[in-house]
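The values are calculated or read from the model by the stated rules, or taken from the named source; none is laboratory data. Not measured: the values here are computed from a predicted model. Here the Cβ is made from the backbone with ideal geometry for all residues, glycine too, and neighbour counts use every protein chain on show.
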Amino acid sequence: MFKKTKVCASVLLAVGGGVLATSMPAFAQEAQKLERIEVTGSRIKRADAEGALPVTVITRAELEASGSTTVAEFIRNSTFASTGQFRPQSGSSAQSFSGVNLRGLGSNRTLVLVDGRRVAKAPNVGDSADMNSIPMAAVERIEILTDGASAIYGSDAIGGVVNVVLRKDFEGVHLMAGKTNPSIKGGNREEASAILGITGEKGRVVMGASRTSRDIIWVRDYPWGAPKGASSYSNHFYQAIDIGGGEYLPNISGGGSRGKAGSCDFPDKGFYVDATGRCRYDFNLVAADEAATGAKSIFARGEFRINSDWNAYLNVSSTNNTSFGRYAPVPDTILVTPGSVLANRYKFTQPVFLAHRFAAAGNRDTSTDATLTDYTAGFQGTVGSVDVDMGVRRTVSKYQEIGRGFIVKGLATAAINNGVYQVDNPFLNSDQVLKSITTTTGRDGLWAQTDYFANASFDLFQMGNGSARMYVGLDRSVQQYADIYDSLSEAGEVLGSSGSSAEGHRTVSAGTVEVLFPIMKGLEASVAGRYEKYSDYGNDFSPKISVRYQPMRSLTLRASAGEGFRAPTLPELNQKPAFSADTVVDPRHCLADGGFSAAECQTEEFQINGLRISNPALKSEKSKQWSIGAVWDVMPNLSTKLDVWHTKIHDVINFVSAQQIVDRDNGDSKLPIPAGLSIRRDPSTGAILQIVSGSANEGVLNYGGFDASVLFSHKWAGIGNFSHELTYSRVTKAEQDGVDYNGTFGSPKHRAVLANSWKLGGFAVQYNLNVIGKNGERDGDYAPTYTTHDVQFAWDTPLKGAKLILGVNNLTEKFPALVGSPYDQKPFNYYLYDAYGRQYYGRIEMKF
């Protein structure tokens, strides 16, 4: 059926909704003359690639020249990821997850599409797509829309849209293998892929497989050396604070010390005595910083010509992601009661707490296994003068997690109090005793989604520069979500682990309308609107208008304004209540304790009894945004772009923490405690008995900035072709509830990339300069301007189809600035920077 030809199907650049070429390869040359493309942010195809919205296109060549092995890694290093983004890290509840966060507005406000259709959310986070589920080998290009797009795509598109376009126009065989070695110990990467493309008169097929992996990185192996951890959770007794009702809280401050429990002289195992005589534990001795990850993918895409008017298409893919992380052994405080064997041994007549590290039971090891399968089938064709596309898509994301080395609180408390578990020298405990208090934790996640879609495009009437054209689309999505923890973890009985299960389902019905008005030559306007109805919380409507004006061939002016929304997620609506031992600073609770002065109580921290709940009364966030920009081709080889943007979000779904509730209860914050959340105190002493925290609609986010780029290319006979592109993004405003966080630690005001390339014959050199602006001048930690240099050399070898690529990322071995206090438990901003040092990589490609 498939006869190879020399003509590749270089027809429509399909971006949204599985859009297919109506003309097959035999008519490729004719189709190319009449080519219209569908650009991210619009469902109406048009001849001009530079439309009314700011869309940045990253080609396959640019992806390969970056040295990145994953889509997530490439986008994290782009200028639009102003605050970086979450990536795999050991010990996290989202250990294998990589998000994408445009503008610093959050990964839950950045919509991720594959060929114009949204990617299923990762069940271990429940509110964002996992970029690790998209294999780099399958990607043809990435289109980034830096403007709100709820009027076209619905929920989550407040901060922008990342549309990953997969390979379609490929013919032949492509094999690739590569390896990357950082200058630090650990973090080695491997990659390999195979692609097969066949094109014939009746259709085309692209299929392939890929594999990537990255080794684990231990905290102790960083070049600056791991600072000795000084955890109080080691083997030391502390005062027990009576909060009434038979409940006690530990006072692990210096004033609460009650002495060491037996020996603390196990330096090879992490235990040591500090200058004050307290027993400490060095958690950095065994902990991993970055989890080991691996991904395997298979994918296939087929398009088949039924007749001159209709095509059928089928897309199938499956990606399996695994990870392994290690955290230091379980720490916790165990209540030692008077009259117990241990209390009698140490002659305690009042309750005390043993702050203990269960190092004898081993480290906490977590392994994850996630698989995303995606099937799409549909038909695209013409009925009269109406272009039609309809189909169904089934996406299933499964997640499994196993944790080893965790402790059951009730069993450990009993074993310690009755003397079965030896506290004086924990490493003398028998294997039987250790196994009697440990457990293996489990977690199972699911996100299953079935989407039905049908849309039509057609001309309406003639205007000054052609026909007004309308797009009408109907969508229905049935979504099922589950994140189930083992029963002991859910009950709060597992030390060193926590988690509340969540289950939910919803049906989303949506309708989209977009109309393009070619008002006159050089001037067009578009209006769009999308209505979405949710079965669990309500409905939303988002409108948008955009204008494109081309006063001369070399100059394009554009502007847009619209509204957007983010629906409350299934976890936010359905999470089960979970115990949380939150730490707060509360002078009233401190004074009730009686062990501190009024001055000390202004900073003294206490661990309290907390409960975190979901909020089924949440409503959607609402946004208003606008953008205005210009594209100017100064000369045939010199072009510039400038786009200014602004986004304001109301009714922000905000997690109200235990500390925020304390501050509101004490009058330190003018905001009220939201309905359903609370703080319960002892009526006579003011001591905190319980704090119920959770999410609520409150607050305003106000962000703004601009993006600029300059592209200059030139050619010199005998020297080769040169290209220089500077992209620059600046955030001018990043306010939350009137407080400007722009420029604070983790929120640099600007990022820039200068990409330079040279090509001559079979040789090519790429040099990229990457800049992350300084941040943190106004707060305690500070990161100076961070500049790295990437170099790549490519050679089309004499062996036909063979290409050799050698490169170095971070040529000067730049490391991030270390912080004085842990940033999300790390000594540097892990979302914005990496600490791989200099990264050498090599790849070999074969094309047939």
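Can you tell me which residues in the range 432-468 are surrounded by fewer than 16 Cβ atoms within 10 Å (Cβ to Cβ), closer than 30 Å to Cys279 by Cα and either hydroxyl-bearing (Ser, Thr, Tyr) or modelled with pLDDT under 95 (or both)?
Thr440
If the requirement is being in a strand (DSSP E or B) and either buried (at least 22 other Cβ atoms within 10 Å of the Cβ) or out of contact with any strand residue (DSSP E or B) (no Cβ under 9 Å at 6 or more places or on another chain) (or both), which of these qualifies: Ala295, Ala312?
Of Ala295, Ala312, the one residue that is in a strand (DSSP E or B) and either buried (at least 22 other Cβ atoms within 10 Å of the Cβ) or out of contact with any strand residue (DSSP E or B) (no Cβ under 9 Å at 6 or more places or on another chain) (or both) is Ala295.
Pairs needed: first member in the range 321-344, part of a helix (DSSP H, G or I); second member anywhere, among the polar types (S, T, N, Q); C-beta distance under 7 Å; at least 6 residues apart or different chains.
What qualifies is Val341/Asn417; Val341/Asn418; Leu342/Asn417; Ala343/Thr337.
When Gln825 is evaluated against the numbered criteria (1) in contact (Cβ under 8 Å) with a residue 40 or more places away in the chain; (2) of a type outside the set (Lys, Arg); (3) at negative phi, which criterion, by number, is the only one it fails?
Here Gln825 meets the rest and fails (3).
Considering only the range 784-791, I want to know if a residue exists there that is at pLDDT 95 or above and of a type in the set (Asp, Glu).
yes
Could you pull out the residue among Gly837, Gly820 that is in a loop (DSSP other than H, G, I, E, B) and exposed (fewer than 15 other Cβ atoms within 10 Å of the Cβ)?
Result: Gly820 is the single residue among Gly837, Gly820 that is in a loop (DSSP other than H, G, I, E, B) and exposed (fewer than 15 other Cβ atoms within 10 Å of the Cβ).
Modelled with pLDDT of 95 or more and buried (at least 24 other Cβ atoms within 10 Å of the Cβ): does that describe Ala151?
Here the answer is yes, as Ala151 does meet what is asked.
Can you tell me which residue among Gly160, Gly203 is over 18 Å from the mean Cα position of the chain (by Cα) and small (Gly, Ala, Ser)?
Gly203
When you scan the range 155-187, how many residues do you find that are in a loop (DSSP other than H, G, I, E, B), surrounded by fewer than 23 Cβ atoms within 10 Å (Cβ to Cβ) and in contact with a Ser or Thr (Cβ under 7 Å, 6 or more places away or on another chain)?
Adding up the residues that qualify gives 2.
Can you confirm whether Thr199 is over 25 Å from Leu335 (Cβ atoms) and in contact with a helix residue (DSSP H, G or I) (Cβ under 7 Å, 6 or more places away or on another chain)?
Yes: the conditions hold for Thr199.
For the range 242-282, which positions are within 18 Å of Asn363 (Cβ to Cβ), touching a residue at least 60 places away in the same chain (Cβ under 8 Å) and within 38 Å of the chain's Cα centre (by Cα)?
Across the range 242-282, the qualifying residues are Lys269, Gly270, Phe271, Tyr281.
Are any residues in the range 730-756 in a strand (DSSP E or B), out of contact with any His (no Cβ under 8 Å at 6 or more places or on another chain) and of a type in the set (Gly, Ala, Ser), and if so, which ones?
Within the range 730-756, Ala734, Ala752 meet the criteria.
Taking the range 384-402 on its own, how many of its residues are in contact with an Asp or Glu (Cβ under 8 Å, 6 or more places away or on another chain), more than 26 Å from Glu503 (Cβ to Cβ) and in a strand (DSSP E or B)?
0
So if I check each of Thr583, Thr569, which one is within 27 Å of the chain's Cα centre (by Cα), buried (at least 16 other Cβ atoms within 10 Å of the Cβ), farther than 30 Å from Pro518 by Cα and of a type in the set (S, T, N, Q)?
Thr569
Looking at the range 618-647, which of its residues are surrounded by 17 or more Cβ atoms within 10 Å (Cβ to Cβ) and either within 11 Å of Ile158 (Cβ to Cβ) or of a type in the set (Lys, Arg) (or both)?
Ser620, Glu621, Lys622, Ser623, Gln625, Lys641, Thr647
May I ask you to list the residues in the range 691-711 that are buried (at least 16 other Cβ atoms within 10 Å of the Cβ) and either touching a His at 6+ places or on another chain (Cβ under 6 Å) or among the polar types (S, T, N, Q) (or both)?
Matches in the range 691-711: Ser693, Ser695, Asn697, Asn702, Gly704, Ser709.
How about the range 403-421: which of its residues are touching a residue at least 40 places away in the same chain (Cβ under 8 Å) and outside any helix (DSSP H, G or I)?
Scanning the range 403-421 gives Gly403, Arg404, Gly405, Phe406, Ile407, Val408, Asn418, Gly419.
Which condition from (1) surrounded by 15 or more Cβ atoms within 10 Å (Cβ to Cβ); (2) more than 30 Å from Ala578 (Cα to Cα) is the one that Gly718 breaks?
Failed condition: (1).
Given the range 608-666, what strands (runs of 3 or more DSSP E) lie entirely inside it while holding 3 or more residues that are within 23 Å of the chain's Cα centre (by Cα) and modelled with pLDDT of 95 or more?
621-635, 638-650
Against the condition modelled with pLDDT under 85, of a type in the set (A, V, I, L, M, F, W, C) and touching a Cys at 6+ places or on another chain (Cβ under 9 Å), how does Ala21 come out, does it pass?
Against the criterion (modelled with pLDDT under 85, of a type in the set (A, V, I, L, M, F, W, C) and touching a Cys at 6+ places or on another chain (Cβ under 9 Å)), Ala21 does not qualify.
Take the residues in the range 188-207 that are assigned to a strand (DSSP E or B) and among the acidic types (Asp, Glu); name whichever of them is nearest to Ala291 (Cα to Cα).
Top of the filtered list is Glu190.
May I ask you to list the residues in the range 104-129 that are touching a residue at least 60 places away in the same chain (Cβ under 8 Å), buried (at least 24 other Cβ atoms within 10 Å of the Cβ) and in contact with a Gly (Cβ under 6 Å, 6 or more places away or on another chain)?
Selection gives Arg109, Pro123.
So Ile152 fits all but one of (1) within 27 Å of the chain's Cα centre (by Cα); (2) in a loop (DSSP other than H, G, I, E, B); (3) more than 29 Å from Val819 (Cα to Cα); what number is the exception?
Of the numbered conditions (1) within 27 Å of the chain's Cα centre (by Cα); (2) in a loop (DSSP other than H, G, I, E, B); (3) more than 29 Å from Val819 (Cα to Cα), the odd one out for Ile152 is (2).
Between residues in the range 661-689 that are over 20 Å from Ser580 (Cα atoms) and residues that are part of a strand (DSSP E or B), which pairs lie under 9 Å by C-beta distance while being six or more apart or on different chains?
Pairs that qualify, where the first residue is over 20 Å from Ser580 (Cα atoms) and the partner is part of a strand (DSSP E or B), are Leu671/Val656; Ser684/Gly244; Thr685/Ile243; Thr685/Gly244.
Consider Met552 against the criteria (1) of a type in the set (A, V, I, L, M, F, W, C); (2) farther than 25 Å from Asn108 by Cα; (3) touching a strand residue (DSSP E or B) at 6+ places or on another chain (Cβ under 9 Å): it satisfies all of them except one. Which criterion is unmet?
Met552 satisfies every listed condition except (3).
State which residue is surrounded by the most Cβ atoms within 10 Å (Cβ to Cβ) when the search covers only the range 725-758 and only residues that are hydroxyl-bearing (Ser, Thr, Tyr) and in contact (Cβ under 8 Å) with a residue 40 or more places away in the chain.
Taking the candidates together, the pick is Ser729.
Just to verify a result, which residue in the range 207-251, among those that are among the polar types (S, T, N, Q) and under 30 Å from Val173 (Cα atoms), is surrounded by the fewest Cβ atoms within 10 Å (Cβ to Cβ)?
Ser213
Does the range 209-223 contain at least one residue that is without any contact (Cβ under 8 Å) to a residue 60 or more places away in the chain and out of contact with any helix residue (DSSP H, G or I) (no Cβ under 9 Å at 6 or more places or on another chain)?
Taking every residue of the range 209-223 in turn, at least one turns out to be without any contact (Cβ under 8 Å) to a residue 60 or more places away in the chain and out of contact with any helix residue (DSSP H, G or I) (no Cβ under 9 Å at 6 or more places or on another chain).
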